[in-house]
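Reviewing the structure listed below.
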Amino acid sequence: NAGVTQTPKFQVLKTGQSMTLQCAQDMNHNSMYWYRQDPGMGLRLIYYSASEGTTDKGEVPNGYNVSRLNKREFSLRLESAAPSQTSVYFCASSEAQRGRDFGPGTRLTVT
Amino acid sequence: AQSVTQPDIHITVSEGASLELRCNYSYGATPYLFWYVQSPGQGLQLLLKYFSGDTLVQGIKGFEAEFKRSQSSFNLRKPSVHWSDAAEYFCAVGTTSGTYKYIFGTGTRLKVLA
């Protein structure tokens, strides 16, 4: 049981490049989330998917898109990366209100 | 709208000493409350949660937290800190409707002196 997995672990992009962060969970959770973590800001929700086939914006969705590919997988795409998107990105999943299970994170630097 | 405040950005304690990390929340009803721990370079791990019932909840790694409605607080405690407890701790509040409304505090970084 791997829990929540994320790829890649590290990524460096140039401004304007695009990339997709991958996330998968094997706990059969309905809900999945993407957060970003910045110093002094805590975790902020980018997008979430309450169930397969649905996605909704969180607090900071601008510059991002998501795809809930199936129940297991939830990807985050940056179409045109900006330095302000330098951050650590966490994927999480949950079932009802049992608390979020987090992946190990992706550290993204945009130069 | 709900909010969470962790007033202490950094806390330093000696190994073996007791620990209390503060968390205050704002929410119109009884919220769901959580504490997470994040070790350097790692994701967040759930320590404990409060949904209803007994206001003193026990978690993993010897942590406990007490929900005090009158003070809108959910402070995390540990009677004797170990060096391995050095990490960042996040309080989070979730609403009782909708799985996505879940707000994190800005975190408290714990340093443990040998």
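The values are calculated or read from the model by the stated rules, or taken from the named source; none is laboratory data. Nothing here was measured: the structure is a model prediction, and the numbers come from that model. Every residue, glycine among them, receives a Cβ derived from its backbone with ideal geometry; neighbour counts consider all protein chains shown. Heads up: the accessible areas ignore ligands, DNA and RNA and are worked out on the full protein's heavy atoms, side chains in. Shrake-Rupley method; radii C 1.70, N 1.55, O 1.52, S 1.80 Å.
General observations
- Among the residues of A:41-53, the average count of other protein chain beta-carbon atoms within 10 Å of the residue beta-carbon is 3.
- Dipole magnitude of the protein assembly as shown, debye to nearest 20 (Cβ charges: Lys/Arg +1, Asp/Glu -1, about Cα centre): 240
- For the range A:27-69, the residues whose backbone nitrogen is under 13 Å from a point 7 Å from the Cα of A:E95, taken along Cα to Cβ, are A:27-31.
- Scattering profile of the protein assembly as shown at q = 0.08, 0.11, 0.14, 0.16 Å⁻¹ [log10 I(q)/I(0), Debye over alpha-carbon scatterers]: -0.29, -0.55, -0.87, -1.11
- Magnitude of the charge dipole, chain A, Cβ model with Lys/Arg +1 and Asp/Glu -1, debye to 20: 180
- Theoretical FRET efficiency, 1/(1+(r/R0)^6), r = Cβ-Cβ of A:S51 and B:W83, R0 30 Å, to 0.05: 0.10
- Separation between Cα centres of the range A:45-101 and the range B:36-114, rounded to whole Å: 23
- Taking θ as phi - 60° and the Karplus parameters 6.51, -1.76 and 1.60, the scalar couplings of the range A:51-64 work out to 7, 4, x, 10, 9, 8, 6, x, 6, 10, x, 4, x, 10 Hz in sequence order, x denoting glycine and proline.
- Over all directions, the projected convex hull of the C-alpha atoms in chain B averages 6.9 nm² in area.
- Shown for chain B: lysine pairs separated by 8 or more places, or found on different chains, whose C-alpha atoms are under 16 Å apart, numbering 6.
- Chains A and B together, accessible area buried on both sides, 1.4 angstrom probe, square angstrom: 1600
- Across the options B:Q45, B:S70, B:T55, the greatest Cα extent toward the positive end of the charge dipole of chain B (unit charges at beta carbon of Lys, Arg, Asp, Glu) belongs to B:S70.
- Accessible surface area normalised per residue over the range B:16-76 is 47 Å², counting heavy atoms of protein chains with a 1.4 Å rolling probe.
- Extension gain, A:F10 back to A:R44 (0.36 nm per residue minus Cα-Cα distance, nm): 10.3 nm
- Here the accessible area of the range A:17-111 is 45 percent carbon and sulfur, with a 1.4 angstrom probe and all protein chains present.
- Options B:H10, A:V12, A:A24, ranked by Cα towards positive dipole end of the protein assembly as shown, top entry (Cβ charges): A:V12
- Cα-centre dipole for the range B:30-114 with unit charges at Cβ (Lys and Arg positive, Asp and Glu negative), debye to 20: 100
- Extents of the range A:1-106, largest first, come to 36, 29, 25 Å (Cα atoms, principal axes, whole angstrom).
- With every protein chain in place, the range B:1-83: carbon and sulfur % of accessible area (1.4 Å): 48
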